[in-house]
Amino acid sequence: MTNASDVTALLSRDGLFRFVGGSSLRVFGYEPESVVGTAMLDYVHPDDRADAARRFARRVADPSAPLEPAVYRLRHAGGVWRHVEAAACNMLDDPDVQGVVINVRDVTDRVEAENRLRASEALYQTLARSAPVGIFQTDARGEITFANPRFAQITGVAADEVQGRGWRDAIHPDDRCRFEAEWTRCTAEGRAMLVNLRFLGPEGTTTSVLCQSSPLTDADGRFQGFVGTLTDMTEYVRTAEALRMAEARTNAIVDAAADAILTADEEGIVHSFNRAAEEMFGIPAVEIVWGRIDRLLPPADAARHSGYLNHFPVGRTTRIAGQDGPVMAVRGDGTLFPVELAVSCIEVAGRRMFIAVIRDITERVRIERELIGAKEAAEAADRAKSAFLQVMSHELRTPLNAVIGFAQVIEMRLIGATEVDRYTDYATSIRQSGEHLLGIIEDILDITKIESGKLDLLDGPVDVADLVGQGLNLIAIQAGKRGVAVSIDLSDDLPPVRGDALRLRQVLVNLLSNGVKFSKAGDTVTIGARRGACGGVEMFVRDVGIGMAADDIPKALVPFNQIDQSMTRGHEGTGLGLPISKRLVEAHGGAMLIDSAPGQGTTVTVRLPAERVLSMADYLNAMGA
């Protein structure tokens with residue numbers, strides 16, 4: 001008995017130790033001899049003594065009474081309390097024993113393990129009850145054996161109906177087949193499960209949940225069931241859906257906007273690029289998003305743009321419309337175009353984001369420039385008309401004074417009735433003044449028709465050489481009076497052309513008249529014609545007169561405009577000759593070029609296109625030959 005793992009002792013009827021096994025030293029730290037003669041209850045914990053005394057007395061009084069082993073706390077020799085399991089056998093009537101035999105086994109480790117297990121279980125139950133998620137456990141068949149109260153709340157199933165498989169009836173009909181298939185597969189394979197599903201409440205409410213479970217195995221790795229959680233995702237799903245709706249609505253609005261809208265961070269990285277921006281810049285969003293915004297800016301503005309963003313305050317919106325000149329952007333093909341830009345700044349998660357609304361103002365700038373040009377042109381035309389009327393009053397008054405004066409002399413016969421020749425000269429002066437007035441009026445009528453688009457050409461076959469000769473004949477008298485010679489320079493291969501002979505002759509006469517008028521006595525004015533470089537015909541008038549500066553040439557071609565508009569200018573005329581000639585040439589599809597320099601003379605070239613050139617056969621056929 002001294003080698004037994006348990007401690008065996010013999011007690012007298014009054015509970016004193018008569019014998020103690022040798023293992024008492026190993027188990028309780030007491031020498032057996034020191035225990036003999038002492039009372040058993042002296043070693044029992046005060047809280048356990050009453051029960052130990054009652055059970056011992058019953059065993060002494062009724063040896064056959066059914067008593068299960070009891071657990072008590074006994075004091076160790078070291079002062080600590082040990083848990084023991086004690087069983088007693090009444091052998092008082094046995095002459096060889098004459099006592100109560102007890103067997104005491106140290107179960108401290110077992111009791112402490114059980115206490116820890118109970119504490120752990122209590123903690124688990126507390127945590128399960130207070131957990132914000134549903135917690136469940138299943139057996140190997142997948143039927144729930146445990147579920148916390150939150151599980152019942154989430155599923156909408158009564159607590160007494162959660163066990164087993166009844167809770168699955170609350171799964172939304174649209175999700176049930178999918179969930180059952182996944183649950184069956186994971187149960188059969190003993191693997192973890194992660195699935196989204198919905199529960200349909202008694203009142204028709206829908207709860208979105210995330211179900212997660214992990215397999216439980218025994219010591220040999222055999223599948224025993226699942227432990228898992230149900231997380232109520234309803235608010236998250238609603239928030240996510242609201243966010244998706246808001247994002248979709250925002251994207252729809254942004255994509256429907258006529259202006260380009262983009263967002264970029266403080267590093268200049270583009271985060272979004274709407275459809276209008278793609279069309280405006282000619283760059284697909286996939287090519288620019290997560291790229292640098294510098295691609296949309298002229299290189300000279302990129303560095304300034306970066307510094308501008310660094311100092312842009314949060315919450316501010318600024319409209320930039322070219323206060324210091326046009327704001328320019330760069331299209332995908334590298335072309336620059338003017339824009340109007342509005343920029344605002346927001347802060348997201350500690351980072352600044354910039355929203356830019358961009359409007360292409362190319363057309364507006366063009367219209368503004370045209371309006372400014374039209375305004376300036378109208379003002380210039382108004383000034384030219386005013387100056388023209390001042391000069392025209394002189395041009396009209398001079399011949400009218402001559403007409404009136406000579407008419408009065410003739411009417412009143414102031415020089416006598418016999419001076420017929422002188423009266424004839426006065427009549428000639430009247431006629432010439434009238435013709436001069438008629439020429440002025442015809443010029444005004446011509447420019448009016450041309451400006452209003454009512455000029456009609458009477459096309460017909462025209463012999464260019466003959467046309468040059470006619471122009472020379474019409475200007476010969478004027479040239480002779482001024483002492484200016486007129487020469488002809490014609491090529492031998494001049495073809496006939498199709499045009500309005502009267503209007504083309506008017507052009508040559510105007511050019512010759514200007515050449516003679518602005519030349520001094522002894523100078524020579526040359527009129528000629530030749531084949532053009534592109535198959536057309538060129539007619540030209542060249543003088544060596546006063547000429548004009550290159551800046552003055554455009555002015556000379558504007559109706560109602562004269563280079564010298566003063567009342568004391570040295571050359572008479574309305575200033576309509578060149579504008580009329582230019583427009584008559586353009587009406588033929590041609591062009592009139594002026595090459596001039598002060599003091600070196602002027603050369604005016606009339607170019608008729610190849611489409612106006614006739615073959616000799618066509619010319620003769622048109623002439624009726």
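The values are calculated or read from the model by the stated rules, or taken from the named source; none is laboratory data. Note that the structure is a prediction, hence the values are computed from the model and not measured. Here Cβ is always computed from backbone atoms with ideal geometry, including for glycine, and neighbour counts include all displayed protein chains. When the accessible area is computed, the model is the full protein with side chains, heavy atoms only, and any ligands, DNA or RNA have been set aside. Shrake-Rupley method; radii C 1.70, N 1.55, O 1.52, S 1.80 Å.
Around the Cα centre of the chain, unit charges on the Cβ atoms of Lys, Arg, Asp and Glu (plus for the first two, minus for the last two) sum to a dipole of about 780 debye.
Solvent exposure of the chain amounts to 56 Å² per residue of accessible area, where only protein heavy atoms count and the probe is 1.4 Å.
Free of any trypsin sites (Lys or Arg not before Pro) that DSSP assigns to a loop and that have at most 16 other C-beta atoms within 10 Å, the longest stretch within the chain is 14-140. Apolar share of the accessible surface for the chain: 55 percent from carbon plus sulfur atoms, 1.4 Å probe. Hand me the GluC sites (Glu not before Pro) from segment 192-289 located in a DSSP loop with no more than 11 other Cβ atoms within 10 Å, in residue order please. Here the GluC sites (Glu not before Pro) that fit, given the DSSP loop and packing criteria, are 203, 267.
Measure up 385/520; 449/517; 481/517; 449/582; 555/582; 385/555 against 18 Å on the Cα-Cα distance and list the ones that go over.
385/520; 449/517, as the Cα separations exceed 18 Å there.
In the chain, helical runs assigned H by DSSP with n ≥ 4 each contribute -39500 (n - 2.57); averaged across all residues and rounded to the nearest 500, the mean residue ellipticity at 222 nm is -13500 deg cm²/dmol.
Farthest toward the positive end of the dipole of the chain, out of 69, 270, 171, is the Cα of 270, where the dipole comes from beta carbon charges about the Cα centre. Computed from point charges on the beta carbon alone (+1 for Lys and Arg, -1 for Asp and Glu), the dipole magnitude for segment 253-304 about its Cα centre is near 100 Debye.
Let me check I've understood the local charge: for residue 175, count other residues with C-beta under 13 angstrom from its C-beta, Lys and Arg +1, Asp and Glu -1. What total comes out?
Overall, the nearby charge balance is 0.
Between 137, 365, 546, the Cα set farthest toward the positive side of the dipole of the chain (charges on each charged residue's Cβ, about the Cα centre) is that of 546. Fully extending the segment from residue 241 to residue 371, taken as 0.36 nm per residue of separation minus the present Cα-Cα distance, adds 41.6 nm. Mind running the shape call on segment 448-536? Use the C-alpha gyration tensor, a ≥ b ≥ c as the square roots of the eigenvalues: rounded below 1.5 for a/c, prolate if a/b tops b/c, oblate otherwise. Judged from the Cα gyration tensor, segment 448-536 comes out oblate (a/c at least 1.5, b/c at or above a/b). Quick check: Cα centre of segment 448-469 to Cα centre of segment 59-99, how many Å? Answer, in whole Å: 147. Between beta-carbons, use under 11 Å as the cut-off and find the net charge around residue 140, counting Lys and Arg +1, Asp and Glu -1. Spelling it out: positives minus negatives among the neighbours equals -1. State whether the chain is rounded, prolate or oblate according to the following rule on the C-alpha gyration tensor (a ≥ b ≥ c being the square roots of its eigenvalues): a/c under 1.5 gives rounded; otherwise a/b larger than b/c gives prolate, and the remaining case gives oblate. Prolate, since a/c reaches 1.5 and a/b exceeds b/c.
Taken as Cα centroids, segment 143-194 and segment 582-613 sit 97 Å apart, rounded to the nearest whole angstrom. Determine the shape class of segment 186-311: with a ≥ b ≥ c the square roots of the Cα gyration tensor eigenvalues, call it rounded for a/c under 1.5, and otherwise prolate if a/b is greater than b/c, oblate otherwise. Cα axes put segment 186-311 in the prolate bin.
Count charges around residue 99 for me, please; just the other residues with Cβ under 9 Å from its Cβ, Lys/Arg as +1, Asp/Glu as -1.
So the surrounding residues net to +1.
Among the complete DSSP H segments of the chain, which ones combine at least 24 Å of alpha-carbon extent along their axis with a mean Kyte-Doolittle hydropathy of -0.5 or more? Counting only whole DSSP H runs, the qualifying helices are 234-256, 362-412, 420-452, 464-482. Counting 0.36 nm for each residue step from residue 231 to residue 379 and taking away their Cα separation leaves a gain of 45.3 nm.
Estimated at 0.36 nm per residue, the fully extended path between residue 362 and residue 125 surpasses their Cα-Cα distance by 77.9 nm.
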